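The values are calculated or read from the model by the stated rules, or taken from the named source; none is laboratory data. Given the structure is predicted, the values throughout are model-derived calculations rather than measurements. When we count neighbours, we look across all protein chains shown, and the Cβ atoms used for this are built from the backbone with ideal geometry, even at glycine. Note: accessible area is taken over every heavy atom of the protein model, side chains too, but ligands, DNA and RNA are not part of it. Shrake-Rupley method; radii C 1.70, N 1.55, O 1.52, S 1.80 Å.
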Amino acid sequence: MILIGPYDEGIDCGFAGSYLFPRQWFSPAMSLTLQLGVKTDPIEYRYSFPWLFRLLAEEEVRLVQIGTWFEMYQLPDEFFVQLRQQAENHGIQIASMFTAHRELGGFFREEVGFEQVARRNFERYIEIGSLLGADSIGSNPGAILRDRMGTKSQGIECYLKHMRELMHYAKEKGLSWLTIEPMSCLAEPPTLPEEVAAMGQTLMDYHHQHSDSTVPIGFCADIAHGYINQQEEVGFNHVELFEATYPWLYEFHLKNTDARFNSTFGFRPEERAKGIVDVAQFRELLMANADKLPVNEITGYLEIGGPKLGRDYSDHHLEEMLRSSLRHLKAMFLGQERETPHLAAPAAAVTAKPIEISPSMMCVDPLNFEAALRQVERVGVDMLHLDIMDGHFVPNMPMGLGIVEALHKATDLPLDVHLMVADNDFFVEQLAKMGVSQVSVHLESSKHLDRTLARIRELGMKAGVAINPGTSLAAIDYVLERIDYVLVMTVNPGYAGQAMTPASLRKIADCRDLLAFRGFDLPIQVDGNVSFENIPGMVAAGATNLVAGTSSLFHRSASLTDNKSRMLAAIAEGLAACGKS
């Protein structure tokens, strides 16, 4: 069939006939149950299956979809029998399998041996699914080499031939379904709605004709797949491609993506801030179109790759990535009232607060300090952030107590002092005489943190605890009763102009969750690379006070007024991402 449309003119789909209006082969489901699971891809070559099973049991997610790995097809039956038992020991059901690579795509290759290897591995794949007790196994069909697009029709026919035969073999081995994933590229069919309909109906018609000896074939769709053509025009967005699978939809993958359907990721607060996938929208679509689906129970599997593989600084982040995304999916996809945490309460439980802007006065021209102060006052801010350093705790000393004392006499704005010093107690006593509103001290430099925080309050100032990027939030757990706010450092302290540390957004979100879990509704101040680009993620993660420096309010590219407008727009974006706009 030749397609003419906004995507690519004159594209040969490789199918005979037209399936724009697919025939129903099933009795429409009148109600729909949604289930949540996880695809195992991110633990590949990183963590054990029992590690994942324990995590899922703790998060009360009971279904997994096993992703393939390269050695799998040669492993003995005993391995899979043991794997199934390990899952069951943790109360986990291996409900599905799906390829993690394109290793079964040999049906689209002309070179000698590829077709035979694909068939042999696919049969073994079915056998493994049976051993694991899976209801279904699935894959994406494969890829046509881009310089051999003329072989697409031939490849599709070869694929369909083998799938018809494999439907019989899957039935013999006790499986219930085979599944196919529609892709985002014309070289990897099916992609366009017409291709999806043609392949889905062709194989379902065959099942209908041989219902006693075959399993049905349906789609494992991906809510992050959209189609953009060679001219970089969006032919079909991710919602439209998902809707095209309804008559054959058996299961699907849950993940997030950007506006170009380029990179994919999960559903942590900072990822939701940059992603376009609205999980609640897909929940509503499924419930509204339940009568079009071939099943009355459907599972969405979280499918993420995880952090950079094989790095000591990144691998350990996988646990938090999974837990955070699963909590969001339980709330927004399953419709649970709360995102059930492992150690924390949901973001929704935290009272929304106005976002405050605290300009870092360390960033102004010291030769024109008063002029800069008046500009800051005119543009409108919430407080002045003053960094006091001693050259010991951090290797810098940009301003001293004299500046604080002079500012108290020169402005009505509250003074917010951040101490980066070795002797906190000395400076606290001095600041109390200078009209300071609030003081944060680093737990890393405090000999008796509880005593110091208590003294700050005794002197009539608000007490804050500052925490460096590499310090665990657990260190502040037992002083929460002593503080009025938390300062999360998103760079290592001492200098302006640094890049935000990689775990910063996650740490902000974790801090928000810790406070909520402990029942504290405290402001979270963030300091370090609070840029126009980073602000949306910071706000979405839970920041309520932004220390603005050279990457935002004092950015050299524009005036303070224009820079503040950009900050407010970035704040609004972050609030919208977490549903607080």
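The calculated FRET efficiency for S176 paired with E232, based on their beta-carbon distance and R0 = 41 Å, is about 0.50. Helix-derived [θ] at 222 nm for the chain: sum -39500 (n - 2.57) over DSSP H runs of at least 4, divide by residue count, nearest 500? Result for the chain, helices only: -10500 deg cm²/dmol. Over 33 Å, how big is the tail of the calculated P(r) for region 356-579, in percent of all Cα pairs? Result for the distance tail: 10 percent. Here region 392-472 is treated as a Stokes sphere of Kirkwood radius computed over C-alpha pairs; at 20 °C and 1.002 mPa s its diffusion coefficient rounds to 164 µm²/s. All C-alpha to C-alpha distances of region 541-581, sorted into 10 Å bins beginning at zero, yield P(r) values of 29, 49, 21, 0 percent in whole numbers. Which translational diffusion coefficient, to the nearest whole µm²/s, is obtained for region 495-581 from the Stokes-Einstein equation, given a Kirkwood hydrodynamic radius over C-alpha pairs, 10 °C and 1.306 mPa s? Approximately 120 µm²/s, per Stokes-Einstein. When the GluC sites (Glu not before Pro) in region 73-148 are filtered for DSSP coil states and for at most 14 other beta-carbon atoms within 10 Å of their beta-carbon, the remaining sites are E110, E111.
Note on the chain: semi-axes of the ellipsoid equivalent to its C-alpha gyration tensor, largest first and rounded to whole Å, are 55, 25, 20. Candidate cross-link partners of K564 among the aspartates and glutamates, defined by an alpha-carbon separation under 15 Å and a same-chain spacing of 8 or more, comprise E356, E377, D382, E533, E573.
In this rough spin-label picture, where each label sits 7 Å from Cα along the Cβ direction, the R451-R146 distance is 6.7 nm. Could you please state how large a percent of the accessible area of region 379-510 is carbon and sulfur, counting protein chains only and using a 1.4 Å probe? C and S atoms contribute 51 percent here. The calculated FRET efficiency for the pair S263 and L309, based on their C-beta separation and a Förster distance of 22 Å, comes to about 0.90. With viscosity 1.002 mPa s and temperature 20 °C, the Kirkwood radius over alpha carbon pairs of region 221-348 converts through Stokes-Einstein to a diffusion coefficient of 136 µm²/s. Fully extending the segment from L34 to E240 would add 72.1 nm, taking 0.36 nm per residue of separation and subtracting the current Cα-Cα distance. Solvent exposure of the chain, expressed per residue, is 42 Å² of accessible area, with all protein chains present and a 1.4 angstrom probe. Cβ-Cβ distance of D278 and E165, R₀ of 51 Å, FRET efficiency by 1/(1 + (r/R0)^6): the value works out to about 0.80. According to the calculation over all Cα-Cα pairs in region 422-521, the P(r) per 5 Å bin from zero is 2, 13, 24, 22, 19, 14, 6, 1 %.
Pairs from the list K39/K507; K255/K330; K171/K330; K39/K152; K274/K507 with a Cα-Cα gap above 22 Å: K39/K507; K171/K330; K39/K152.
The distance linking region 542-580 with region 357-399 is 17 Å (Cα centroid to Cα centroid, whole angstrom). Shape descriptor for region 76-221: Rg over Rh equals 0.99 (Cα atoms; Rh from the Kirkwood inverse mean 1/r).
Between the exposed loop cleavage positions of the chain, defined as chymotrypsin sites (Phe, Trp or Tyr not before Pro) in a non-H, G, I, E, B DSSP state with at most 11 neighbouring beta-carbon atoms within 10 angstrom, the longest gap is 314-581.
Roughly what percent of Cα-Cα pairs across region 33-334 reach past 36 Å? Of all Cα-Cα pairs in region 33-334, 12 percent lie more than 36 Å apart.
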